[in-house]
Amino acid sequence: MARLFRWLLALAVLGGIAFWIMTWPTKVNSDDFATLTGDAARGEPVFHAAGCASCHTAPNSDATDRPILSGGQRFASDFGTFIAPNISPDATHGIGGWTVIEFANAVQKGVSPDGAHYFPAFPYVAYAKMEAQDVVDLKAFMETLPASDAPRVAHEVGFPFNIRRSLGGWKWLFADETWVMKNTPNAEVTRGRYLAEALAHCGECHTPRNPLGGLDRANWLAGGFIPGEGKVPAITPDQLEWSTQDIAYYLETGFTPEFDSAGGAMTHVVENFGRLSGEDRAAVAAYLKALAQP
């Protein structure tokens, strides 16, 4: 009996060590950012494409060119309710004073300055594919926005989902940072892939998820679900029969070829894409039409 207990204890210790190693936060390579200088003008379209204001402005606030990123919006899920934090330049309640590397670790790896895992309600798995220069430019633009002293509000997530360390296991299982579209036929589709899969993180809403919240990449953009809003439509070529011109026009104006208009969370996407160039909207349309048939 004592021998069995020792074996069980040894297995428990080994399991604990394996869990600790597997869930250790992964960070960016600081060398990738060492020689880069941020440019706020270049960072502005990155900010809009990434949809930062859509989640991090106060509830029911109007979109502006200089939004106050005070946080406070609530996002319900099967795992609890996530509350967007203050990411304004305020040094106490926001992200003022963060270094470029701390910012990059948060945006691309979902790791806080003190080494804790962020919940994947923050789409860092998509942002992981961002170019380092865009990350630096994004930070430079965000530093020009108004500061807010609104305190952060804790997420309403219960046990066991509130165990931050376990999110390292979630990342190990589901944080696939590779492109879904492996090969692109031309530069326009390559740009569209970057916008759709990385910056605009279209898959976060338009792709179904498994029971643990990981994206079902085998059914990329085949339709998802948003608690409180319902089903999100598929936008794969076999389901979206619009022309590239129709898609680009919808992203600019919110109007469909059937004279309907965007609603729900998609209104924020249209607000963001309306601030981008016509070339970028056309690139996303080209990417969607170029996706392989299921």
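Could you look through the range 138-182, keep only residues that are among the hydroxyl-bearing types (Ser, Thr, Tyr) and modelled with pLDDT of 90 or more, and pick out the one that is surrounded by the fewest Cβ atoms within 10 Å (Cβ to Cβ)?
Checked the range 138-182; the qualifying residue surrounded by the fewest Cβ atoms within 10 Å (Cβ to Cβ) is 178.
Against the condition outside any loop (DSSP other than H, G, I, E, B), open to solvent by less than 40 Å² (accessible area, probe 1.4 Å), closer than 21 Å to residue 55 by Cβ and modelled with pLDDT of 95 or more, how does residue 287 come out, does it pass?
no
Tell me, please, whether a residue that is more than 17 Å from the chain's Cα centre (by Cα), in a helix (DSSP H, G or I) and without any contact (Cβ under 8 Å) to a residue 24 or more places away in the chain can be found in the range 167-187.
Taking every residue of the range 167-187 in turn, at least one turns out to be more than 17 Å from the chain's Cα centre (by Cα), in a helix (DSSP H, G or I) and without any contact (Cβ under 8 Å) to a residue 24 or more places away in the chain.
Condition first: surrounded by 14 or more Cβ atoms within 10 Å (Cβ to Cβ) and not hydrophobic (A, V, I, L, M, F, W, C). Now tell me which residues in the range 238-252 satisfy that.
The answer is 244, 246, 249, 250, 252.
Every residue in the range 100-124 that is free of Cβ contacts under 8 Å to residues at least 12 places away in the same chain and closer than 23 Å to residue 146 by Cα, please.
102, 112, listed by residue number.
Hey, can you tell me all the residues within the range 204-237 that are touching a residue at least 60 places away in the same chain (Cβ under 8 Å) and open to solvent by less than 20 Å² (accessible area, probe 1.4 Å)?
213, 221
Which residue out of 116, 104, 91 is of a type in the set (A, V, I, L, M, F, W, C) and crowded, with 21+ Cβ neighbours inside 10 Å?
Criteria check complete, one pass: 104.
Of the conditions (1) without any contact (Cβ under 8 Å) to a residue 24 or more places away in the chain; (2) among the hydrophobic types (A, V, I, L, M, F, W, C); (3) part of a loop (DSSP other than H, G, I, E, B); (4) open to solvent by less than 20 Å² (accessible area, probe 1.4 Å), residue 270 fails just one. Which one is it?
Failing condition for residue 270: (3).
If I filter the range 235-267 down to residues being among the β-branched types (Val, Ile, Thr) and assigned to a loop (DSSP other than H, G, I, E, B), which single residue comes out as modelled with the lowest pLDDT?
256
Of all the residues that make up the range 56-66, how many are crowded, with 20+ Cβ neighbours inside 10 Å and in contact (Cβ under 8 Å) with a residue 24 or more places away in the chain?
Of the residues in the range 56-66, 1 are crowded, with 20+ Cβ neighbours inside 10 Å and in contact (Cβ under 8 Å) with a residue 24 or more places away in the chain.
The values are calculated or read from the model by the stated rules, or taken from the named source; none is laboratory data. No experiment lies behind these values; they were computed from the predicted model shown. All Cβ positions, glycine included, derive from the backbone under ideal geometry; neighbour counts span all protein chains shown. For the accessible areas, the whole protein counts, side chains as well, though only heavy atoms, and no ligand, DNA or RNA atoms are used. Shrake-Rupley method; radii C 1.70, N 1.55, O 1.52, S 1.80 Å.
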